[in-house]
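Worksheet for the structure shown next.
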Amino acid sequence: MEKYFRDIWESISTMLTGLGITWMHMVRIRRNNVTLQYPEEKWPRPERSIGFDHSNYNVIRSRLHVDIDDCIGCLKCERVCPVQCIKIVTEKAPVRGEDIQNIGHIGVTSNSSRKALVVTRFDIDMTECCYCNLCTYPCPEECIFMTGGPNAHKHPIDYEFSEFDRSDLIYRFAKKGTKDGLQKILDGKGADV
């Protein structure tokens with residue numbers, strides 16, 4: 001019976017100790033010291049060394065980014081993705097004029113490759129992405145990459161990309177109006193894609 005009452009006393013005293021600490025924090029509260037409204041407000045990220053040089057580190061697990069101007073529409077990144085979070089739709093480039101050199105040619109990438117396909121849809125659903133970095137290796141133009149690390153000169157590292165709505169985590173990289181511009185070229189109106 002003595003153990004029963006001792007357990008009750010310990011429970012009550014422990015609970016009162018916890019409530020006392022909470023009450024002291026409430027009394028001593030300072031303005032803007034407790035709650036951070038996270039998506040709008042963020043704590044500054046401290047600069048620190050994590051034991052390696054970022055320029056040599058190739059497996060930064062961050063957000064995927066695509067330089068759509070360099071994408072040739074080969075679909076290799078879509079095929080290698082283990083969770084199928086990349087969706088790409090391409091259209092064949094229209095034939096322009098009589099010049100044999102330019103048949104089916106719609107542009108040149110930064111690596112001097114000719115583009116024969118128009119990428120009308122390039123979506124990455126980051127809610128499904130497993131951050132495996134497998135999609136970056138087969139790309140012949142190196143246009144898809146994880147931000148930061150050795151790619152920091154292209155795009156800085158981005159750790160916090162939370163959104164209120166999950167549909168905002170679907171990144172659409174194809175340029176707006178690409179499909180309309182392609183249709184105008186096919187109709188012979190000569191829009192620049």
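The values are calculated or read from the model by the stated rules, or taken from the named source; none is laboratory data. Note that the structure is a prediction, hence the values are computed from the model and not measured. Methodologically, a virtual Cβ is constructed for each residue, glycine included, from the backbone with ideal geometry; neighbour enumeration extends over all protein chains shown.
Annotations for the structure displayed:
- Selection count, the stretch 123-147, where residues are assigned to a loop (DSSP other than H, G, I, E, B), among the hydroxyl-bearing types (S, T, Y) and more than 11 Å from the chain's Cα centre (by Cα): 1
- Taking every residue in the stretch 139-166 that is over 19 Å from D69 (Cβ atoms) and pairing it with any residue that is modelled with pLDDT of 85 or more and not hydrophobic (A, V, I, L, M, F, W, C), at least 6 positions away or on another chain, the pairs with Cβ-Cβ distances below 8 Å are R166/T127.
- Looking at L64, L36, just one residue is modelled with pLDDT under 75 and in contact with a Phe, Trp or Tyr (Cβ under 9 Å, 6 or more places away or on another chain), and that residue is L36.
- Residue within the stretch 139-156 that is modelled with pLDDT of 90 or more and loosely packed, with under 13 Cβ neighbours inside 10 Å present: yes
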